Amino acid sequence: MGCLGSLGWAGEQNKDVTERLEKATDVLNQMTSAPDKGIPEEVLGGAKCIAVIPNLVKGGFILGGKHGRGVATCRTEDGWSAPAFISIGGGTAGLQIGIEGIDLIMVIMNHKGMEQLLSSKFQLSGEGSAAAGPVGRHASAGTDWKMDAEVLTYSRSKGIFAGLTLDGAVIEQDSDSTRSVYGRDVSFQSVLQGKVSTPEIARDFMRAVRETIHKAKAEEAHEGTDR
């Protein structure tokens, strides 16, 4: 019975991870391709890491909160790392009524933000400053997002793109999903530093990441020659 139960759990876990990767791929493609309201090419071109959390659940009664699971990848010397599986939880207190599903992308912009992500558990407040990222084809030259923000956040709810406040949210490794995909409890550092091969189940997601970054860099370079 125990063996059957374990096999059943593993099958459900694998199905959940597969669906999450598929949804993350769709979210990344859709939220980066919107010409006038997506993530600016300067932001994508300079990204150190990208995390995608499809269908983040936000809201509740009396106490507001956020919870979701997603995937993250970081830039390495050889391209982009295999995906690390993450969970996000926590939030702020206050009167909030209703529950809302939000697609979320977090773009880690500098080495400090990358180090926070590599720690496998950190809180977006004093440790890792997150800010709503600029929206549109280009990031305004008048903003200070390049200097200040470790993590830029982008959300989509019912087709509307906007920044999302994540103060107090905790990002940590999703150990169950990690074991399901990699067969063992691989550390965040090993995955995000490129020491683990990309599993077959994640190849479409990683292809979407590479194509998104390549397109952003190509468009940024083209715009640079036109100025």
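Give the residues of the stretch 1-43 that are at pLDDT 90 or above and within 16 Å of Ala72 (Cβ to Cβ), sorted by residue number.
Of everything in the stretch 1-43, those that are at pLDDT 90 or above and within 16 Å of Ala72 (Cβ to Cβ) turn out to be Val17, Arg20, Leu21, Lys23, Ala24, Thr25, Val27, Leu28.
Restricting attention to the stretch 127-147, and to residues there that are out of contact with any helix residue (DSSP H, G or I) (no Cβ under 8 Å at 6 or more places or on another chain) and at pLDDT 65 or above, which single residue is farthest from Phe85 (Cα to Cα)?
Selected residue: Gly136.
Does Asp103 satisfy being surrounded by 18 or more Cβ atoms within 10 Å (Cβ to Cβ), of a type in the set (Asp, Glu) and modelled with pLDDT of 85 or more?
Spelling it out, Asp103 is indeed surrounded by 18 or more Cβ atoms within 10 Å (Cβ to Cβ), of a type in the set (Asp, Glu) and modelled with pLDDT of 85 or more.
What single numbered condition from (1) more than 15 Å from the chain's Cα centre (by Cα); (2) modelled with pLDDT under 85; (3) buried (at least 20 other Cβ atoms within 10 Å of the Cβ) fails to hold for Ser119?
Of (1) more than 15 Å from the chain's Cα centre (by Cα); (2) modelled with pLDDT under 85; (3) buried (at least 20 other Cβ atoms within 10 Å of the Cβ), only one is false for Ser119: (3).
Which of the residues spanning the stretch 196-217 are in contact (Cβ under 8 Å) with a residue 40 or more places away in the chain and farther than 23 Å from Gly45 by Cβ?
Val196, Ser197, Pro199, Ile201, listed by residue number.
The values are calculated or read from the model by the stated rules, or taken from the named source; none is laboratory data. From a predicted model like this one, the values you see are computed outputs, not experimental measurements. Neighbour counts are summed over all protein chains in view; Cβ atoms, including those assigned to glycine, are modelled from backbone coordinates with ideal geometry.
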